[in-house]
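Notes follow once the structure below has been shown.
Laboratory data are not the source of any read-out in this text; all were calculated from the coordinates shown. The structure presented is a predicted model; accordingly, all values stated were derived computationally and were not measured. Please note: Cβ atoms are built from the backbone with ideal geometry, for glycine as well, and neighbour counts cover all protein chains shown.
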Amino acid sequence: MIEFKNVDFAYESDSLVLENINLKINDGEFVFIVGSSGAGKSSIFKLLRREEVATKGEVIVGGYNLSRLSNKDIPTYRRTLGVVFQDFRLIKSMTVYENVAFALRVTNVSSRDIRRRVPYILGLVGLGPKAKKYPDQISGGEQQRVSLARALVNNPALIIADEPTGNIDPALAFDIMHLLFEINRAGTTVLVVTHDMKLVDKFGGRVITIENGKVESDVVKESKL
Ligand SMILES: Nc1ncnc2c1ncn2[C@@H]1O[C@H](COP(=O)(O)OP(=O)(O)OP(=O)(O)O)[C@@H](O)[C@H]1O
Ligand SMILES: [Mg+2]
């Protein structure tokens, strides 16, 4: 599903922020990516979304070679991903409901399916009562859950989430992570970038540590649930 082959990456002409990354993530895996602030986690995430392109080497996702993807194929590629951004990126002029519905509308889902699917997903992340609010009228944790709902609503084969529990209290963070695990159990590949080592310890699974732009370790930890 995901492969990084000898990937180097630098922002413009700066020094390398990722150096010789080699990773293989199979269909159906659940993977945590951890590491200090500035280690390069979000940069990996940007390469996966094809917001940035590897300076050297290749990134392959779901059969798309991102180093060779033409500009016109980028939107099509991105629609195959469910993405939770570290900074949410909600549309401020749209309600919670509309933000989630929009993700379906751009893929030509029928209005009938949108009316069925959006309330279901909002319920799943506990936001049913906030459907009519605008992003500025809800808390940071709630915005984060809208971002998660938007990532889930298309039933993508791959979900990548950058700090999906960063603004959420511990009990809710547990529920959100649990939800991602359930989705993974149903077959979706899930990649979660997180600082929250308590959650990582609790859930276990494959944990890739990035430090100074390199893969420092890649291990499977036992679940404590
Ligand atoms: N747009 C940019 N232009 C230049 N340098 C950048 C840019 N974005 C990030 N960097 C630098 O790249 C390095 C890796 O940043 P990255 O955002 O990938 O870290 P991170 O592991 O996600 O950190 P955090 O946990 O704080 O989110 C850092 O040194 C950062 O300062
Ligand atoms: Mg980051």
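Among the residues making up segment 16-54, a single one is in contact with a Lys or Arg (Cβ under 7 Å, 6 or more places away or on another chain), farther than 20 Å from Val219 by Cα and in contact (Cβ under 8 Å) with a residue 60 or more places away in the chain: Arg49.
Let's see how each residue does on (1) touching an Asp or Glu at 6+ places or on another chain (Cβ under 9 Å); (2) more than 15 Å from ligand 1 (Cβ to nearest atom):
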position: Glu182; (1), (2): no, yes
position: Gly187; (1), (2): yes, yes
position: Asp201; (1), (2): no, yes
position: Arg206; (1), (2): yes, yes
position: Glu211; (1), (2): no, no
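Entry remark, segment 116-169: residues being in contact with a strand residue (DSSP E or B) (Cβ under 9 Å, 6 or more places away or on another chain) and of a type in the set (Val, Ile, Thr) number 4 in total. Across segment 96-146, the qualifying residues are those that are in a loop (DSSP other than H, G, I, E, B) and among the small types (Gly, Ala, Ser), and the one among them that is surrounded by the most Cβ atoms within 10 Å (Cβ to Cβ) is Ala131. Selection over segment 202-225 of residues that are more than 18 Å from Ile44 (Cα to Cα) and surrounded by 14 or more Cβ atoms within 10 Å (Cβ to Cβ) gives a count of 5. The set of residues in segment 37-68 that are within 14 Å of ligand 1 (Cβ to nearest atom), β-branched (Val, Ile, Thr) and more than 13 Å from the chain's Cα centre (by Cα) comprises Val53, Thr55. Say we look at segment 74-90 and pick out the residues that are surrounded by 13 or more Cβ atoms within 10 Å (Cβ to Cβ) and more than 14 Å from the chain's Cα centre (by Cα); which of these is farthest from Pro156 (Cα to Cα)? The extreme case among them is Leu90.
Among the residues of segment 176-191, is any more than 16 Å from ligand 2 (Cβ to nearest atom), touching a residue at least 24 places away in the same chain (Cβ under 8 Å) and more than 24 Å from Asp27 (Cβ to Cβ)? No, segment 176-191 has no match at all. What's the total number of residues in segment 1-36 that are in a strand (DSSP E or B), under 20 Å from Glu51 (Cβ atoms) and aromatic (Phe, Trp, Tyr)? Counting residues in segment 1-36 that are in a strand (DSSP E or B), under 20 Å from Glu51 (Cβ atoms) and aromatic (Phe, Trp, Tyr) gives 2. Scanning segment 5-15 turns up at least one residue that is within 16 Å of ligand 2 (Cβ to nearest atom), on the phi < 0 side of the Ramachandran plot, crowded, with 19+ Cβ neighbours inside 10 Å and in contact (Cβ under 8 Å) with a residue 40 or more places away in the chain.
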